[in-house]
Amino acid sequence: MNGERRDWRIYTGSGMPHDGISRLPDPPPWRRFSVATVRSASRAEAEAVQLGDNRGATYRAAPVVVDAVNTAMYLRRPLLVTGPPGTGKSTLAYSVAAELRLGRVLSWSITSRSTLAEGLYSYDAIGRLQDLNLASSLRREEPQPDIGSYLRLGPLGTAFLPWERPRVLLVDELDKSDIDLPNDLLTLFEEGRFVVPELARLSERDVMVLTADDLGSAVVSSGIVACSDFPLVIITSNGEREFPAPFLRRCIRVDLAQPTAVQIAAIVEAHLGQEASVKSYELIEQFLQRRDRRVLATDQLLNAVYLSSALGRQELFDDWLELVLRPLSGS
C-alpha cells in the first residue's frame with residue numbers, strides 16, 4: 001500500500017496520539033456485540049427461551065440442510081454437519097435457535113483434550129473444602145453454601161435439563177476430539193440422561209446447581225439430569241477424520257458444499273443489503289476465482305465487501321483482497 005492511500009486508515013503507525021478512532025464506522029453486522037443481564041434466577045427458563053442470538057438471522061440454509069434439520073428434530077437425533085471451513089456449519093445452530101425461539105445456543109467447542117465429563121459438569125471440590133475450612137477456623141455459625149454452589153453443569157449437561165422447550169446444543173468441531181469422545185457420547189444420546197455422582201450420594205433429593213448459560217440455577221433431583229424432550233444437537237466436523245460406525249448410525253448426516261455465486265450474492269445481501277450485493281459483483285467473481293485455487297471461507301469475502309461498502313474506496317480492492325482473502329491452508 002503506498003502513501004497516497006492513507007486517508008482511510010485510523011491507525012497511522014506514526015506514534016503520535018490522536019482522536020481518529022471517532023472516524024471508525026459502525027462494525028459489520030456479524031461483529032456487533034451486546035450483553036443481556038438476567039436479574040432473577042427464578043426466571044431462568046423463561047428468559048432462556050426469550051434470549052436468542054442474532055448470529056443466525058442472516059443465515060440462508062439450502063433445502064437439503066433444511067430437510068436434515070427437520071429430520072433430526074422429528075427423530076430426536078443429533079445432526080452431524082460436515083463441510084469445509086466457512087460454509088456455515090456452526091451458524092446453522094444459531095439460525096435454528098433464532099427461528100424457533102429456542103433461546104441461547106449452548107456451545108461446546110471441542111479440542112483434543114475435551115472429555116465427556118467436562119461437557120456434562122464441573123465440581124469445585126477444592127474450593128468447597130477451602131470454604132468449609134475457612135468457616136471452621138473463623139467459627140462462623142451462619143449456614144455454609146451447599147454443594148450446589150460449587151457444581152456447574154456444562155453446555156452438554158445444561159442441554160439435557162428438562163426444559164419445557166428443547167435447547168439447541170452446538171458441539172463444534174468434534175473431529176478435533178480424542179478418538180474415544182464420539183463413542184463416549186452414545187449412552188447419553190440414547191438414554192437422554194446422566195448421573196452426577198457427587199449429588200446422587202447425598203441424602204438431599206433436590207439440589208440447586210449452576211448452569212452453563214449463566215441464566216441462573218436448576219434443580220437436580222437424586223443426582224439425575226434427564227431431558228423431557230431431546231435437545232437439538234448440532235455437531236460440526238471439518239471432515240478431518242472418520243467417526244466410528246456406531247456413532248454415525250445414531251446421527252442424521254448432511255454435507256455442506258461451498259456456496260455458489262448466486263448463494264454468495266444472497267448471503268452478501270442478507271448481511272449488508274441489496275446495494276452492497278450489486279456493487280460487489282466484481283469482488284464476488286474474484287473471490288470465486290481465488291477459491292478455485294485456495295481454501296477460502298465466505299466470511300472472508302464478507303469482510304472485503306464490508307470494507308468496500310463502508311469506505312467506498314474501489315481503488316483499494318486489490319489491497320483488501322490480499323489482506324482478507326489469505327488462504328486458510330497451504331501457501
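Scan the range 9-22 residue by residue and report those that are assigned to a loop (DSSP other than H, G, I, E, B) and either at pLDDT 75 or above or under 33 Å from the mean Cα position of the chain (by Cα) (or both).
Keep residues of the range 9-22 that are assigned to a loop (DSSP other than H, G, I, E, B), which gives 9-19.
Selection gives Arg9, Ile10, Tyr11, Met16, Pro17, His18, Asp19.
In the range 122-141, is there at least one residue being hydroxyl-bearing (Ser, Thr, Tyr), modelled with pLDDT of 95 or more and in contact with a strand residue (DSSP E or B) (Cβ under 8 Å, 6 or more places away or on another chain)?
Within the range 122-141, the first condition is being hydroxyl-bearing (Ser, Thr, Tyr), and the residues that meet it are 122-123, 136-137.
Those left that are additionally modelled with pLDDT of 95 or more: none.
Checked against the condition, which is being hydroxyl-bearing (Ser, Thr, Tyr), modelled with pLDDT of 95 or more and in contact with a strand residue (DSSP E or B) (Cβ under 8 Å, 6 or more places away or on another chain), the range 122-141 yields no hits at all.
Would you mind finding the one in Ala62, Ala98 that is at pLDDT 80 or above, touching an Asp or Glu at 6+ places or on another chain (Cβ under 8 Å) and farther than 24 Å from Pro182 by Cβ?
Values: Ala62 fails: touching an Asp or Glu at 6+ places or on another chain (Cβ under 8 Å).
Among Ala62, Ala98, only Ala98 is at pLDDT 80 or above, touching an Asp or Glu at 6+ places or on another chain (Cβ under 8 Å) and farther than 24 Å from Pro182 by Cβ.
Can you tell me which condition Arg43 does not meet? The list is (1) surrounded by 10 or more Cβ atoms within 10 Å (Cβ to Cβ); (2) modelled with pLDDT under 90; (3) within 28 Å of Ile264 (Cα to Cα), and all the others hold.
(3)
Look at Ser222 and say whether it is small (Gly, Ala, Ser) and modelled with pLDDT of 90 or more. Before you say what the answer is, go through the steps one by one.
Working: small (Gly, Ala, Ser): yes; modelled with pLDDT of 90 or more: yes.
Yes.
For the range 180-212, which residues satisfy the criterion of being out of contact with any Leu (no Cβ under 7 Å at 6 or more places or on another chain), within 23 Å of Arg77 (Cα to Cα) and assigned to a helix (DSSP H, G or I)?
Asn183, Leu186, Thr187, Leu188, Phe189, Glu190, Glu191
What are the residues in the range 236-256 that are more than 15 Å from Glu190 (Cβ to Cβ) and either assigned to a loop (DSSP other than H, G, I, E, B) or of a type in the set (Phe, Trp, Tyr) (or both), if any?
Residues satisfying the conditions are Asn238, Gly239, Glu240, Arg241, Glu242, Phe243, Leu256.
Given (1) at pLDDT 70 or above; (2) surrounded by fewer than 20 Cβ atoms within 10 Å (Cβ to Cβ); (3) under 21 Å from the mean Cα position of the chain (by Cα), identify the lone condition not met by Gly86.
Here Gly86 meets the rest and fails (2).
Looking at the range 294-302, is at least one residue out of contact with any Gly (no Cβ under 8 Å at 6 or more places or on another chain) and of a type in the set (Lys, Arg)? Don't jump to the end; show me each part of the working.
So the first thing to find is which residues in the range 294-302 are out of contact with any Gly (no Cβ under 8 Å at 6 or more places or on another chain), and the list is 301-302.
After this cut, where a residue has to be of a type in the set (Lys, Arg) as well, the list is none.
No.
Determine which single condition Ser308 fails, assuming it passes every other condition in (1) in a helix (DSSP H, G or I); (2) surrounded by 18 or more Cβ atoms within 10 Å (Cβ to Cβ); (3) modelled with pLDDT of 80 or more.
Result: Ser308 fails condition (3) only.
From Arg104, Arg152, grab the single residue that is among the charged types (D, E, K, R), in a strand (DSSP E or B), modelled with pLDDT of 85 or more and at negative phi. It would help to see each step written out before you state the result.
Numbers: Arg104 fails: in a strand (DSSP E or B).
The match here is Arg152.
Considering every residue within the range 168-184, establish whether at least one is more than 16 Å from the chain's Cα centre (by Cα), crowded, with 17+ Cβ neighbours inside 10 Å, farther than 13 Å from Ile110 by Cα and in the same structural domain as Gly56 (by TED's automatic domain parsing).
no
So is Val233 assigned to a strand (DSSP E or B), surrounded by 15 or more Cβ atoms within 10 Å (Cβ to Cβ), touching a strand residue (DSSP E or B) at 6+ places or on another chain (Cβ under 8 Å) and assigned by TED's automatic domain parsing to the domain that holds Ile110 or not? Working first, answer last.
On the way: assigned to a strand (DSSP E or B): yes; surrounded by 15 or more Cβ atoms within 10 Å (Cβ to Cβ): yes; touching a strand residue (DSSP E or B) at 6+ places or on another chain (Cβ under 8 Å): yes; assigned by TED's automatic domain parsing to the domain that holds Ile110: yes.
Yes; evaluated as a whole, the condition is true for this residue.
The values are calculated or read from the model by the stated rules, or taken from the named source; none is laboratory data. Since the model is a prediction, treat every value here as computed from it, not as a measurement. Cβ: placed from backbone, ideal geometry, glycine included. Neighbour counts: every protein chain shown.
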